[in-house]
Amino acid sequence: MTLRPALKPKPRPAAGTVRTPGPRKRGTRPGTGERSRPAPRRGRRGNERKPRFAIAVTAAFFGLLYLPIGVVALFSFNSQKSLTVFKDFSLRWYGAFLRDDSLLESLDMSLRVSLVAMAGSLVLGVTLALGLVRCRSRLGSLAGLIMLIPLITPEIVTGVAAMLLFKGMGITLSTTTVMLAEITFSISYVTVVLRSRIAALNPETEEAAMDLGATRWQALRLVTLPALLPSILASGVLIFALVFDDFVLAYFTTGVDPQPLSVRIYSAIRFGVQPTINAVGTLMLVGSILLIVLALFIPRLFGRRGGLDLLSGK
């Protein structure tokens, strides 16, 4: 008969000490000695499942949206006059556009209207945005709500209202009326972009400039406006692109001759679509895309965040 050695009792921890748990065995639940069940593994197919229906709807949406534009761009390079049969690539219709005096005259008018509308809306929009941000009264909040009305009002309503206003005042519809209408329509876009950007500026910077001896006008010109320059330039490019492509407002406020390019194209396709119109539409599309891309990346040129943050004024 063998004698087993007596087990020594474990020393009890002193009063006031905290008992720390020892190392837990792998595969056991904390606080118990029971083994935990391993988590079920998901297969690769489960992790890579994609919403096929949503992808199909998205593809159909973009197809219906951009397929007609692609067809117009493709047939603008057609060597034949046919709009249904494509034969060879050619720049024939682009040359015909450059030789068409009426289309070139309309292009010149659209460029002049866009430049004037861009300059006028920037001056008024920056002033309005500064006033709305600095005004702390209820009148400022009411003015901010009124400023948003042109953004939600149908453009055809704005066009008809502008036409009735000009005719009621005895003003003959001409290039000037188109410029005035486009400036009025574009002010809200500039104000929306710049308002949140001005609100994000630190007012202490302008106050520090005035503490150093600058007047309020000098602080605005030397401190605030340079900080807003990227947003101002980007807003101007966007306004130029919007006004250049605008049709509804220009249609109701333009005179007999000359007409903006968008109105001239509409008048031409009423008697049949010509291949020259495809070339003009392709050039307008490419120009608008380049302007919008430039507007979205202008803040990056100044070392600021660009992209879609421009639309939120960041």
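The values are calculated or read from the model by the stated rules, or taken from the named source; none is laboratory data. These numbers come from a predicted model, not from an experiment. Backbone-built Cβ (ideal geometry, glycine too); neighbour counts: all protein chains shown. Ligands, DNA and RNA are excluded from the accessible area calculation, which covers all protein heavy atoms including side chains. Shrake-Rupley method; radii C 1.70, N 1.55, O 1.52, S 1.80 Å.
Points worth noting:
- Unmet requirement for residue 221, which otherwise passes all of (1) open to solvent by less than 80 Å² (accessible area, probe 1.4 Å); (2) of a type outside the set (S, T, N, Q); (3) closer than 17 Å to residue 128 by Cα: (1)
- Candidates 107, 91, 132, filtered to the one that is open to solvent by 50 Å² or more (accessible area, probe 1.4 Å) and of a type in the set (A, V, I, L, M, F, W, C): 91
- Listed conditions (1) at pLDDT 85 or above; (2) in a helix (DSSP H, G or I); (3) not acidic (Asp, Glu) are all met by residue 288, apart from (1).
- A Cβ distance below 7 Å, combined with a sequence gap of six or more or placement on separate chains, defines the contacts here; from the range 195-214, residues that are under 12 Å from residue 130 (Cβ atoms) reach residues that are small (Gly, Ala, Ser) and at pLDDT below 80 in the pairs 195/313; 197/313.
- Test: residue in the range 276-285 that is assigned to a helix (DSSP H, G or I), more than 20 Å from residue 110 (Cβ to Cβ) and either open to solvent by 70 Å² or more (accessible area, probe 1.4 Å) or of a type in the set (A, V, I, L, M, F, W, C) (or both): no
Rundown of residues vs (1) within 26 Å of residue 119 (Cβ to Cβ); (2) touching a Gly at 6+ places or on another chain (Cβ under 8 Å); (3) open to solvent by less than 50 Å² (accessible area, probe 1.4 Å); (4) not hydroxyl-bearing (Ser, Thr, Tyr), yes/no style:
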{"residue": "139", "(1), (2), (3), (4)": "no, no, no, yes"}
{"residue": "149", "(1), (2), (3), (4)": "yes, no, no, yes"}
{"residue": "153", "(1), (2), (3), (4)": "yes, no, yes, no"}
{"residue": "161", "(1), (2), (3), (4)": "yes, no, no, yes"}
{"residue": "164", "(1), (2), (3), (4)": "no, no, no, yes"}
{"residue": "168", "(1), (2), (3), (4)": "no, no, no, yes"}
{"residue": "174", "(1), (2), (3), (4)": "yes, yes, yes, no"}
{"residue": "177", "(1), (2), (3), (4)": "yes, yes, yes, no"}
{"residue": "180", "(1), (2), (3), (4)": "yes, no, no, yes"}
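- Residue within the range 227-234 that is assigned to a helix (DSSP H, G or I), under 18 Å from residue 98 (Cα atoms) and open to solvent by 30 Å² or more (accessible area, probe 1.4 Å) present: no
- Index of the failed condition, residue 259 passing every other in (1) surrounded by 18 or more Cβ atoms within 10 Å (Cβ to Cβ); (2) part of a helix (DSSP H, G or I): (2)
- Residue satisfying condition, being assigned to a helix (DSSP H, G or I), in contact (Cβ under 8 Å) with a residue 12 or more places away in the chain and open to solvent by less than 30 Å² (accessible area, probe 1.4 Å), within set 191, 184: 191
- Taking every residue in the range 274-285 that is among the hydroxyl-bearing types (Ser, Thr, Tyr) and pairing it with any residue that is outside any helix (DSSP H, G or I), at least 6 positions away or on another chain, the pairs with Cβ-Cβ distances below 8 Å are 276/100; 282/76.
- Residues that are touching an Asp or Glu at 6+ places or on another chain (Cβ under 7 Å) number at least 1 in the following helices (runs of 4 or more DSSP H) confined to the range 59-153: 101-134.
- Unique residue being among the β-branched types (Val, Ile, Thr) and under 30 Å from residue 229 (Cβ atoms) when the list is 113, 85, 160: 113
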